[in-house]
Amino acid sequence: MKNSVTTGARLFGAGLRALLALTLVTGVVYPLAVTGVAQGLFPGRANGSETEADGRVVGSSLIGQAYTLPPEEGQETPEPDLRWFQGRPANGLGTNTLNTEYRLLLSGATNLSAGNEDLVRQVEDAKAAVVKDNSVPGHAVDPSDVPADAVTSSGSGLDPHISPAYAELQTRRVAVRNGLPVARVERLVEDHTEGRTLGFLGEPRVNVLALNVALRELSAQR
């Protein structure tokens, strides 16, 4: 009986020491080491890839955001602010209907098939809006020139990038709305066009937030 109690106590002590050691290593030492390395080598990414303008954080370069006008009374969907470059549609976004204490935004895709009537209608409506919004006096946008990313949402609904083709399509409208030369806005798009990752992964892309921050700076110099 005494041996059983002694053995049990010894095993309990060994288990408790192992628990404390693993808690210290995995719960304190490892997180601090990883955080220290991340802050030392990649501080921007470790802190959320924040983008600043006028000395304050205006967003993250990893998350797309809407550029809209303040909604009018009774208006459910705000109109886009056409002074700025617009990102991809976000038809897959939703709101949390279970925990109503907080207004939470849920990201995701539409999960609609290519032949779904709702998706077809969304794409057609989006294309008509892109043509209408980006047609300026002396230059009408041809519907065949509207790229796919201008009328479809990404898998997360929060894609921060658009294709160079979609950015180029918006340059005349942005130039007119901001009183800037078209060539200067086109050069702004070129300067903010990123190539394929490692030269072969993905497609060329333009970060909308970074482009709009640069556009704001350019407009302020006008």
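Here is the list for region 1-95: GluC sites (Glu not before Pro) lying in DSSP coil, each with at most 14 other C-beta atoms within 10 angstrom of its C-beta, are GLU72, GLU73, GLU76.
On a 0 to 90 degree scale, rounded to 10, what angle separates helix 2-24 from the longest Cα axis of the chain? Result, in degrees: 30. Given R0 = 22 Å, the distance between the Cβ atoms of LEU32 and SER60 translates into a calculated FRET efficiency of 0.35. The three principal axes of the Cα atoms in the chain give end-to-end lengths of 98, 43, 42 Å, sorted in falling order. Pairs of Cα atoms nearer than 8 Å and 6+ residues apart set the relative contact order; for the chain it is 18 percent. The angle between the Cα long axis of helix 182-191 and the main principal axis of the chain comes to about 20°, on a 0 to 90 degree scale. Quick check: the angle from helix 30-41's long axis to the longest principal axis of the chain, C-alpha only, nearest 10 degrees? Computed tilt is about 30 degrees. Listed from fewest to most Cβ neighbours within 10 Å, the set ARG187, ARG216 follows the order ARG187, ARG216.
Shape class for region 124-221, computed from the alpha carbon gyration tensor (a ≥ b ≥ c): oblate, with a/c not under 1.5 and a/b at or below b/c. Given R₀ = 41 Å, FRET efficiency for GLN75-ALA183 by Cβ-Cβ distance, to 0.05? Once the sixth-power term is evaluated, E becomes 0.70. Loop-located GluC sites (Glu not before Pro) across region 101-179 with a Cβ neighbour count of 15 or fewer within 10 Å are GLU101, with loop assigned by DSSP. With a Förster radius of 45 Å applied to the C-beta separation of ASN111 and SER4, the computed FRET efficiency comes to 0.15.
We did not get these values from a lab; they are worked out from the coordinates using the rules stated. This structure is a prediction, so every number in the text was calculated from the model and none was measured. Reconstructed Cβ throughout: ideal geometry from the backbone, glycine too, with neighbour counts over all protein chains shown.
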